[in-house]
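Visitor: Encoded as structure tokens, here's the structure I'll be asking about.
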Amino acid sequence: MPSASDQFPQRIALVHEWFSPRSVGGAERVVETIDSLLQSRGCEPQLAALIDAESCRSGSWLQGRSVLTSPIQGLPWGRSHVQQYLPLLPFAVEQIDLGAAELVISSSHLVAKGVLTGPEQLHISYVHTPVRYAWDQMHAYLQRSALARRGLGPLIRWQLHALRQWDQLSAQRVDHLIANSRFTARRIRKYWGREASVIHPPVEVNRFRWDAARDDVYLCLCRLVPYKRVDLVVEAFNRLGLPLLVVGDGPERARLEALAGPTVTLLGRQSGPQVEELMSRCRGFVYAGLEDFGIAPVEAMAAGAPVIGLGRGGLLDTVRCAAAGVREPTGVLFPEQTVESLVQAVEWFEQGRIWRSFDSEAIRQWAERFRPEAFAARFESALQAAWQAHRRGCDVAASDPAEMPGLRL
């Protein structure tokens with residue numbers, strides 16, 4: 001029977017990129033779920049991040065918590081605009097002292113995995129993505145960069161080159177890598193040369209009801225940023241002449257409003273209850289972005305809505321495609337990130353009245369496998385196995401003195 005210390009150490013550090021009200025999404029839900037899991041097992045982890053603007057905010061889940069931070073915390077606008085210090089972030093994260101921790105858990109989409117640990121410390125990193133704009137999306141990022149258009153392109157390219165080198169090097173320091181999808185695991189293998197296990201992130205499926213009557217309106221919900229490719233969705237529904245609601249805000253909003261035809265309505269940011277209502281009543285949820293995982297499509301399925309999404313990336317883990325002939329499908333996947341491919345998928349969905357064949361209850365049951373309790377159980381199992389293996393390795397090393405040929409006492 002393993003002792004409590006074999007199952008979980010008491011001195012645990014939980015590291016994230018930043019804690020800020022400006023950034024509240026899937027990655028932050030992962031950190032909160034891991035923190036809740038550890039606290040339920042009798043351990044309050046020491047939190048750490050590049051900056052902390054949450055622990056002093058009333059109503060935050062971090063209110064009153066101690067958070068170790070990096071030198072960025074004290075720089076001008078560091079807490080509100082941490083990403084402006086991108087070239088300094090690899091250096092900054094290495095300045096966070098986690099020497100008191102037996103176990104370090106990082107939640108990383110940029111630099112959190114790069115914290116420094118010693119040989120007696122176990123470091124497990126939950127990876128949301130290798131840095132997109134330093135690797136496969138660099139050229140698209142540069143095309144959209146205002147600084148690059150102002151003549152700073154060569155400098156930005158050099159900085160991203162240096163970030164790629166550090167990103168690959170720092171990945172070698174981690175003892176165990178966990179990816180949020182098979183797509184992310186493949187990117188980890190390609191860019192870092194490491195293998196990663198897969199544990200899908202938690203989704204609050206219980207927020208949504210699945211048994212409401214369906215309207216004839218389609219829904220697209222996400223941040224309005226270029227890589228989400230909402231422009232493809234708007235153009236497709238302009239051609240189709242079908243009703244589409246777009247929920248979200250961001251730098252693409254003005255361009256999308258100019259692009260939208262008479263059947264497309266941009267609603268802007270909506271409250272949680274409004275989103276839940278729209279999800280529960282839409283005919284289908286449309287998503288054209290290439291995602292590492294994609295929480296919004298899973299939320300739509302939790303609301304019983306079939307997903308029409310790009311058949312690449314994380315959606316291959318989450319959507320059961322009707323066109324593939326699977327039992328109890330949860331959506332339709334289109335093969336190419338183009339207007340034409342999306343139009344064909346929606347036409348097939350509409351003209352064949354495929355939407356009538358989807359069972360909202362079955363879609364919801366499929367989404368249940370991504371609930372937070374499932375994530376916590378899988379993560380705890382992986383954590384215990386890694387910790388016990390680490391302890392055994394340390395015990396063997398301590399009981400096996402090095403042989404030193406040539407040394408005579």
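The values are calculated or read from the model by the stated rules, or taken from the named source; none is laboratory data. Here the structure is a predicted model, which is why all the values come from computation and not from measurement. Cβ: placed from backbone, ideal geometry, glycine included. Neighbour counts: every protein chain shown. Side chains are part of the model used for accessible areas, which takes the heavy atoms of the whole protein and leaves out ligands, DNA and RNA. Shrake-Rupley method; radii C 1.70, N 1.55, O 1.52, S 1.80 Å.
Visitor: Within the range 1-24, is even one residue outside any loop (DSSP other than H, G, I, E, B), charged (D, E, K, R) and over 21 Å from the mean Cα position of the chain (by Cα)?
Guide: yes
Visitor: Hey, could you check the range 371-393 for residues that are among the polar types (S, T, N, Q) and open to solvent by 50 Å² or more (accessible area, probe 1.4 Å) and say which is farthest from the chain's Cα centre (by Cα)?
Guide: The selected residue is Gln388.
Visitor: Tell me, which residue of the range 147-202 that is of a type in the set (S, T, N, Q) and in a helix (DSSP H, G or I) is nearest to Ala112 (Cα to Cα)?
Guide: Ser170
Visitor: Just to be sure I understand, how many residues within the range 308-340 are over 18 Å from Arg369 (Cβ atoms) and either over 26 Å from the mean Cα position of the chain (by Cα) or open to solvent by 60 Å² or more (accessible area, probe 1.4 Å) (or both)?
Guide: Residues meeting the conditions: 7.
Visitor: Would you point out which residue out of Leu88, Leu75, Leu110 is open to solvent by less than 60 Å² (accessible area, probe 1.4 Å) and of a type outside the set (Lys, Arg)?
Guide: Leu110
Visitor: Moving on to the next point. Of Arg283, Arg269, Arg229, Arg207, which residue is within 19 Å of Thr338 (Cα to Cα) and in contact (Cβ under 8 Å) with a residue 12 or more places away in the chain?
Guide: Arg229
Visitor: Here is a list of conditions, (1) touching a Gly at 6+ places or on another chain (Cβ under 9 Å); (2) at pLDDT 95 or above; (3) assigned to a helix (DSSP H, G or I); (4) not aliphatic (A, V, I, L, M), and Trp355 meets all of them except one; can you say which number that is?
Guide: That leaves (2) as the condition not met.
Visitor: Moving on. Restricting to the range 208-233, what's the tally of residues that are closer than 14 Å to Ala296 by Cα, modelled with pLDDT under 95 and not in a loop (DSSP other than H, G, I, E, B)?
Guide: 1
Visitor: Considering only residues that are open to solvent by 20 Å² or more (accessible area, probe 1.4 Å) and either over 30 Å from His81 (Cβ atoms) or modelled with pLDDT of 95 or more (or both), which ones fall in the range 1-33?
Guide: Of everything in the range 1-33, those that are open to solvent by 20 Å² or more (accessible area, probe 1.4 Å) and either over 30 Å from His81 (Cβ atoms) or modelled with pLDDT of 95 or more (or both) turn out to be Met1, Pro2, Ser3, Ala4, Ser5, Asp6, Gln7, Gln10, Arg11, Glu32, Thr33.
Visitor: Hey, another quick one. I'm told Val264 meets every condition in (1) modelled with pLDDT of 95 or more; (2) over 24 Å from Arg312 (Cα atoms); (3) surrounded by fewer than 18 Cβ atoms within 10 Å (Cβ to Cβ) except one. Can you identify the failing condition by its number?
Guide: Val264 satisfies all of (1) modelled with pLDDT of 95 or more; (2) over 24 Å from Arg312 (Cα atoms); (3) surrounded by fewer than 18 Cβ atoms within 10 Å (Cβ to Cβ) except (3).
Visitor: In addition: Considering only residues that are more than 25 Å from Phe293 (Cβ to Cβ) and touching a residue at least 60 places away in the same chain (Cβ under 8 Å), look in the range 139-184 and name the one that is least open to solvent (accessible area, probe 1.4 Å).
Guide: Ala162
Visitor: Which of the residues spanning the range 113-132 are open to solvent by 60 Å² or more (accessible area, probe 1.4 Å) and either touching a Phe, Trp or Tyr at 6+ places or on another chain (Cβ under 7 Å) or not in a helix (DSSP H, G or I) (or both)? Let's see the steps before the verdict.
Guide: First, the residues of the range 113-132 that are open to solvent by 60 Å² or more (accessible area, probe 1.4 Å): 116, 119-120, 132.
If the condition is that a residue be open to solvent by 60 Å² or more (accessible area, probe 1.4 Å) and either touching a Phe, Trp or Tyr at 6+ places or on another chain (Cβ under 7 Å) or not in a helix (DSSP H, G or I) (or both), then Leu116, Pro119, Glu120 are the ones that fit.
Visitor: Oh, and also: What do you reckon, is Val307 in contact with a strand residue (DSSP E or B) (Cβ under 8 Å, 6 or more places away or on another chain), among the β-branched types (Val, Ile, Thr) and in contact (Cβ under 8 Å) with a residue 12 or more places away in the chain?
Guide: Details: in contact with a strand residue (DSSP E or B) (Cβ under 8 Å, 6 or more places away or on another chain): yes; among the β-branched types (Val, Ile, Thr): yes; in contact (Cβ under 8 Å) with a residue 12 or more places away in the chain: yes.
Criteria met by Val307.
Visitor: Only one of these conditions is not met by Val203: (1) aliphatic (A, V, I, L, M); (2) over 23 Å from Trp348 (Cα atoms); (3) open to solvent by less than 10 Å² (accessible area, probe 1.4 Å); (4) touching a strand residue (DSSP E or B) at 6+ places or on another chain (Cβ under 7 Å). Which number is it?
Guide: Evaluating Val203 over (1) aliphatic (A, V, I, L, M); (2) over 23 Å from Trp348 (Cα atoms); (3) open to solvent by less than 10 Å² (accessible area, probe 1.4 Å); (4) touching a strand residue (DSSP E or B) at 6+ places or on another chain (Cβ under 7 Å) leaves (4) as the failure.
Visitor: Also, I was wondering about something else. What about Ser55, is it part of a helix (DSSP H, G or I) and open to solvent by 10 Å² or more (accessible area, probe 1.4 Å)? Working first, answer last.
Guide: Values: part of a helix (DSSP H, G or I): no; open to solvent by 10 Å² or more (accessible area, probe 1.4 Å): yes.
No.
Visitor: Taking Gly78, is it without any contact (Cβ under 8 Å) to a residue 60 or more places away in the chain and not charged (D, E, K, R)? Let's see the steps before the verdict.
Guide: On the way: without any contact (Cβ under 8 Å) to a residue 60 or more places away in the chain: yes; not charged (D, E, K, R): yes.
Here the answer is yes, as Gly78 does meet what is asked.
Visitor: I'm checking my understanding of the structure. Among residues of the range 34-50 that are assigned to a loop (DSSP other than H, G, I, E, B) and touching a Phe, Trp or Tyr at 6+ places or on another chain (Cβ under 7 Å), which one is surrounded by the most Cβ atoms within 10 Å (Cβ to Cβ)?
Guide: Selected residue: Cys43.
Visitor: Okay, next question. Looking at (1) within 23 Å of Ala213 (Cα to Cα); (2) surrounded by 20 or more Cβ atoms within 10 Å (Cβ to Cβ); (3) at pLDDT 95 or above, find the lone condition where Phe349 falls short.
Guide: (3)
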